[in-house]
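Every number here is computed from the coordinates shown, using simple stated rules; none is lab data. Note that the structure is a prediction, hence the values are computed from the model and not measured. All Cβ positions, even for glycine, are placed from backbone atoms using ideal geometry, and neighbour counts span all protein chains on display.
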Amino acid sequence: MPSPLSPKIRDALSLAEEFDEVCFRNLAYQYATKSQALSTGSKRTGGRYNPKDEFGALYLSLNLHTCLEEVVQAQSLSAIEIAPKLPRVDVAIKVRLSKILNLTNPVIQRAIGITEADLIIASDLEDQGWHSLQRSGRVESTQLIGRLTREAGFEALLVPSAKFPGKNLVVFYPENILPTSQILLLNEDRLPD
């Protein structure tokens with residue numbers, strides 16, 4: 001059954017924004033390599049904006065503090081199932097995109113018919129939001145938004161952090177990246193091959 005959000009997100013293509021910033025990602029040490037730093041392991045595991053095994057997404061934060069808060073949240077949730085992956089490495093990534101959907105903008109939220117509260121999922125240990133729905137085989141509302149945004153042709157979503165008053169960028173990578181866009185790992189020479 002088609003989602004009522006689908007035509008609204010397609011119509012939001014006219015509200016697409018450009019994006020040009022340095023973003024941050026925190027990786028387990030074994031993935032902090034030139035070949036792995038921009039990988040999308042979230043295809044295998046799922047994420048807040050991408051259903052498991054459907055498509056990958058590159059999750060980045062607009063500032064280092066938000067990045068670290070998001071990792072602390074993810075580690076506390078995953079501690080139930082697996083030990084935290086330590087040590088960790090921060091990487092900076094220059095991102096220039098031509099067509100993003102800025103879901104931190106109230107005008108765009110109203111046009112689509114969502115609120116910021118719809119995007120912030122409860123993530124404490126008792127109610128794990130998308131984690132628990134995914135384990136039961138269902139798609140969470142934010143994962144549906146990610147799916148529809150990607151299908152509409154956006155390169156990425158700009159979203160509020162669920163843990164900290166900051167912003168995250170969810171890049172539908174690499175299949176939606178336009179030729180005019182670029183994702184560049186900064187200080188690549190400092191990472192092992």
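With the Cα gyration tensor of the stretch 1-62 giving a ≥ b ≥ c as the square roots of its eigenvalues, does the rule (a/c under 1.5 for rounded; else a/b larger than b/c for prolate; else oblate) give rounded, prolate or oblate?
Details: a/c = 3.50, a/b = 1.56, b/c = 2.25.
Because a/c hits 1.5 or more and a/b fails to exceed b/c, the stretch 1-62 counts as oblate.
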Taking 29-39, 182-192 and ranking on average Cβ neighbours within 10 Å, highest first, one gets 29-39, 182-192
For Lys52, which lysines qualify as cross-link partners when the Cα separation must be under 23 Å and same-chain residues fewer than eight apart are set aside? Lys43, Lys85, Lys163, Lys167
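Order these peptides, 106-115, 152-161, 47-56, by their mean beta-carbon neighbour count within 10 angstrom, highest first.
Details: 106-115: 13.7, 152-161: 22.1, 47-56: 20.3.
Ranked from most to least packed, the peptides come out as 152-161, 47-56, 106-115.
Summing +1 for each Lys or Arg and -1 for each Asp or Glu, what net charge is found among the other residues whose Cβ lies under 13 Å from the Cβ of Pro106? If you can, show how the numbers build up before the last one.
Numbers: positive: Arg110; negative: Glu116, Asp118.
So the environment of Pro106 carries a net charge of -1.
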